[in-house]
């Protein structure tokens, strides 16, 4: 299973902006250079993030992009959904129906429970994290999904709570 480059690079753009602190701005060329992205790719990501309400933009010589909310108020699940959608959702079967209009296994599907379980595991793994957690390095997720509990946050010193 893969997360797309859009989710990876979108989160990295948000982290770059969060590092600027409240009221800090970065331009597309600055973000592009920091994240080793083409300017057109950075612009596309920032446009999607702006439309989803995570960043604001200001035109002009002193303009650029900044976070629309505090990093602690930007949830990772919200960002992942805005950038790429869910791994499994109600339209999944329609998008994977083969050559038919609807899936031939619409009423007798052996795969649907698996995809639901995968989506639930992803939801549990990212549920409580915010952009601030990524910025501060407080994500500690080893074995959390396998143990059916949300991942722990680390204290700033790196020790578990």
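Any read-out appearing in this document is the output of simple, stated calculations on the displayed coordinates, not a laboratory observation. Remember, it's a predicted structure, so these values are computed and weren't measured experimentally. Cβ coordinates were reconstructed from backbone atoms using ideal geometry, including for glycine residues, and neighbour counts include every protein chain displayed.
What is the gain in length, in nm to one decimal, between residue 22 and residue 127 on full extension, counting 0.36 nm per residue of separation less the C-alpha to C-alpha distance?
Values: separation 105, 0.36 × 105 = 37.80 nm, distance 2.43 nm.
Length gained between residue 22 and residue 127: 35.4 nm.
Which whole number of Å³ per residue matches the convex hull of the alpha-carbon atoms in the stretch 3-64? Present the calculation step by step, with values, prior to reporting the outcome.
On the way: hull volume 5.0 nm³, N = 62.
Hull volume normalised by residue count: 80 Å³.
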- Item | Order of 11, 87, 131 under a 10 Å beta carbon neighbour criterion, fewest first | 87, 11, 131
- Message: Which residues does the label zone of residue 86 cover in the stretch 114-134, counting backbone N under 12 Å from a point 7 Å along Cα→Cβ?
- Response: 115-124
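With r as the distance between the Cβ atoms of residue 34 and residue 56 and R0 = 25 Å, compute the FRET efficiency 1/(1 + (r/R0)^6) and round to 0.05.
Values: r = 19 Å, r/R0 = 0.75.
For R0 = 25 Å, the calculated efficiency reads 0.85.
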- Message: Starting from the 7 Å offset along Cα-to-Cβ, what nm value, one decimal, do you get for the label separation of residue 110 and residue 73?
- Response: 5.0 nm
